Amino acid sequence: MPHIIIEYTDNIKDEIQIDGLLRKVNDVLISYPSIFPIGGIRSRAIELKHYRVADGTEDDAFVHAILKIGAGRQDSDKIKVCDHLFETMESHLASLFSKRYLALSMELTEFSDFGTYKKNNIHNRYNK
């Protein structure tokens, strides 16, 4: 962990530059190696084809990020990382936000130790 999942409506797929956004959010998470081990970072995007925004009368769009982390981090660290991630998303989407109706949101999900199963040898590359 952490994993970040970015959902976005397909009506912005040509403008969102999703690969660039994924790179930027990964860079944010990598910049906190004392909070998150680099080998556990995952980012992915899901283009939504079936959705409805507000009353459905406009070509509204949204981008929603879900940051999933394991338990045990300090609240101050979680706030710092989430603020940094959301600012990065806002900056990346500023141009798009200025020219169309767009809702931007993010949530943090924290897993307890119970019910989380992991096996990862990618960490070995960074623990040498």
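Some points to look at:
- Pair list, Cβ under 6 Å, 6 or more apart: the stretch 2-15 residue in contact (Cβ under 8 Å) with a residue 12 or more places away in the chain and within 21 Å of GLU107 (Cα to Cα), other residue assigned to a helix (DSSP H, G or I) and among the aliphatic types (A, V, I, L, M): PRO2/LEU29; ILE4/VAL25
- Within the stretch 73-92, residues that are closer than 20 Å to MET1 by Cα reach partners that are open to solvent by 30 Å² or more (accessible area, probe 1.4 Å) and in a helix (DSSP H, G or I) with beta carbons closer than 7 Å, at six or more positions or on different chains, in the pairs THR88/LYS24.
- If you go through the stretch 1-17 and keep only what is surrounded by fewer than 18 Cβ atoms within 10 Å (Cβ to Cβ) and of a type in the set (A, V, I, L, M, F, W, C), you end up with just ILE5.
- Meets criteria (surrounded by 15 or more Cβ atoms within 10 Å (Cβ to Cβ) and among the charged types (D, E, K, R)) for ARG73: yes
- Matching residues, the stretch 32-55, being over 15 Å from MET89 (Cβ atoms) and polar (S, T, N, Q): SER34
- Of residues in the stretch 82-103 being under 11 Å from the mean Cα position of the chain (by Cα) and open to solvent by less than 50 Å² (accessible area, probe 1.4 Å), the one nearest to ILE30 (Cα to Cα): LEU85
- Residues that are part of a loop (DSSP other than H, G, I, E, B) and open to solvent by 50 Å² or more (accessible area, probe 1.4 Å), drawn from the stretch 34-62: SER34, PRO37, LYS49, HIS50, TYR51, ARG52, ALA54, ASP55, THR57, GLU58, ASP59
One line per residue, one yes/no per condition, for (1) of a type in the set (Asp, Glu); (2) under 21 Å from LEU96 (Cα atoms); (3) modelled with pLDDT under 95:
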| site | (1), (2), (3) |
| --- | --- |
| MET1 | no, no, yes |
| TYR8 | no, yes, no |
| GLY39 | no, no, yes |
| ARG42 | no, no, no |
| GLU58 | yes, yes, yes |
| VAL63 | no, yes, no |
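- Residues that are under 30 Å from ASP10 (Cβ atoms) number at least 1 in the following helices (runs of 4 or more DSSP H) confined to the stretch 72-128: 75-92, 94-99.
The values are calculated or read from the model by the stated rules, or taken from the named source; none is laboratory data. Quick caveat: nothing in here was measured; it's all calculated off a predicted structure. Reconstructed Cβ throughout: ideal geometry from the backbone, glycine too, with neighbour counts over all protein chains shown. Heads up: the accessible areas ignore ligands, DNA and RNA and are worked out on the full protein's heavy atoms, side chains in. Shrake-Rupley method; radii C 1.70, N 1.55, O 1.52, S 1.80 Å.
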